[in-house]
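Nothing in this text is a laboratory measurement; each read-out follows from the coordinates by a stated rule. Values in this document were obtained by computation on a predicted structure and should not be read as measured data. Cβ sites come from the backbone with ideal geometry, for glycine too, and all protein chains shown count toward neighbours.
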Protein chains: 2
Amino acid sequence: MFPLGQRDERHELSDHFLALANVTRLRILERLGEVGEESVNDLAVYLHMSQPRISWHLRMLRVGGVVRTRRDGRQVYCSLDVESLARERARLDELIGIKERMKVRKEVGA
Amino acid sequence: MFPLGQRDERHELSDHFLALANVTRLRILERLGEVGEESVNDLAVYLHMSQPRISWHLRMLRVGGVVRTRRDGRQVYCSLDVESLARERARLDELIGIKERMKVRKEVGA
DNA sequence: TTATCCTATAAAGCAAGCTTTATGTTTCCA
DNA sequence: TGGAAACATAAAGCTTGCTTTATAGGATAA
């Protein structure tokens with residue numbers, strides 16, 4: 001009945017933006033933007049928050065395609081998933097971009 | 001102690017992304033992208049949802065700086081707030097963009 | 001293997017988002 | 001001026017997000 005995947009597309013997109021919709025998580029992203037990569041515990045220390053709390057937010061960020069993690073020994077290092085961020089951003093553009101395209105068409109005169 | 005406004009900056013940013021973090025609201029945005037502008041009731045009819053429900057989501061979208069509304073007679077017409085969308089996007093870039101800048105510096109050889 | 005460090009997950013409780021039903025407000029028309 | 005149309009807001013209830021406390025899993029070192 002529907003072009004397959006539209007429903008899940010929107011769910012993934014909303015999950016992505018939900019990951020960005022929290023001050024604590026934005027602070028994590030800001031930190032990762034500064035240092036590039038940091039372990040879970042160091043993040044917790046830096047933000048003065050409990051480790052389970054940070055882990056919980058990191059899960060939201062991972063599910064939302066904002067952060068990726070890499071294991072090295074006992075530590076888990078986190079960094080921004082830049083490619084995924086760009087991909088989700090493009091998805092939103094495609095979702096709402098039709099009006100923009102019409103604007104451009106008008107300007108171009110097509 | 002802190003550069004004034006950092007706290008509220010992040011709150012506004014999280015409110016913005018919260019506005020995008022819902023399937024119903026994404027469907028509203030998709031519709032507005034197609035038709036450019038539409039009244040509240042027409043949106044409700046199109047999405048097969050109650051009017052208060054749509055009004056509630058539109059409030060989230062307005063607060064988040066995603067949609068703006070214009071009154072014409074009894075109808076309220078909604079459209080995408082493209083400028084605000086771009087502004088919030090730039091804010092996120094600034095928040096997490098430092099790593100990117102370092103990347104560029106490396107490439108440039110600075 | 002045992003002990004320890006680092007991280008993830010579970011359970012319980014509180015806070016916030018979301019939906020429905022009902023009602024208030026504004027604008028237009030008869 | 002009364003009434004209907006379009007939209008917003010309020011209250012109640014349900015769902016989901018979030019935090020804390022406790023515990024389990026995985027990797028290293030002794």
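Residues whose amide H comes within less than 5 Å of that of B:Val67, counting only those at least five positions distant or on another chain, are B:Arg62, B:Asp81 (H built at 1.01 Å from N in the peptide plane).
In debye, nearest 20, what is the charge dipole magnitude of the range A:1-52 about its Cα centre with +1 on Lys and Arg Cβ and -1 on Asp and Glu Cβ, if you could check? The calculation lands at about 220 debye. Between A:Val82 and B:Glu12, the modelled label-to-label distance comes to 2.7 nm, taking each label 7 Å out from Cα in the direction of the beta carbon.
For every other residue with a beta carbon closer than 10 angstrom to the beta carbon of B:Asp81, add +1 if it is Lys or Arg and -1 if Asp or Glu, then tell me the sum.
On the way: positive: B:Arg62, B:Arg68, B:Arg87; negative: B:Glu83, B:Glu88.
Every neighbour counted, the sum reads +1.
In the range A:8-108, the inverse of the mean reciprocal separation of distinct Cα atoms equals 14.8 Å; this is its Kirkwood hydrodynamic radius. Label reach from A:Arg71 (point 7 Å along Cα→C-beta): in the range A:17-55, amide nitrogens under 15 Å belong to A:40. Round to the nearest 0.05 the FRET efficiency obtained for B:Ser39 and B:Asp93 when R0 = 30 Å and r is the Cβ-Cβ distance. Given R0 = 30 Å and the Cβ-Cβ separation, E is 0.35.
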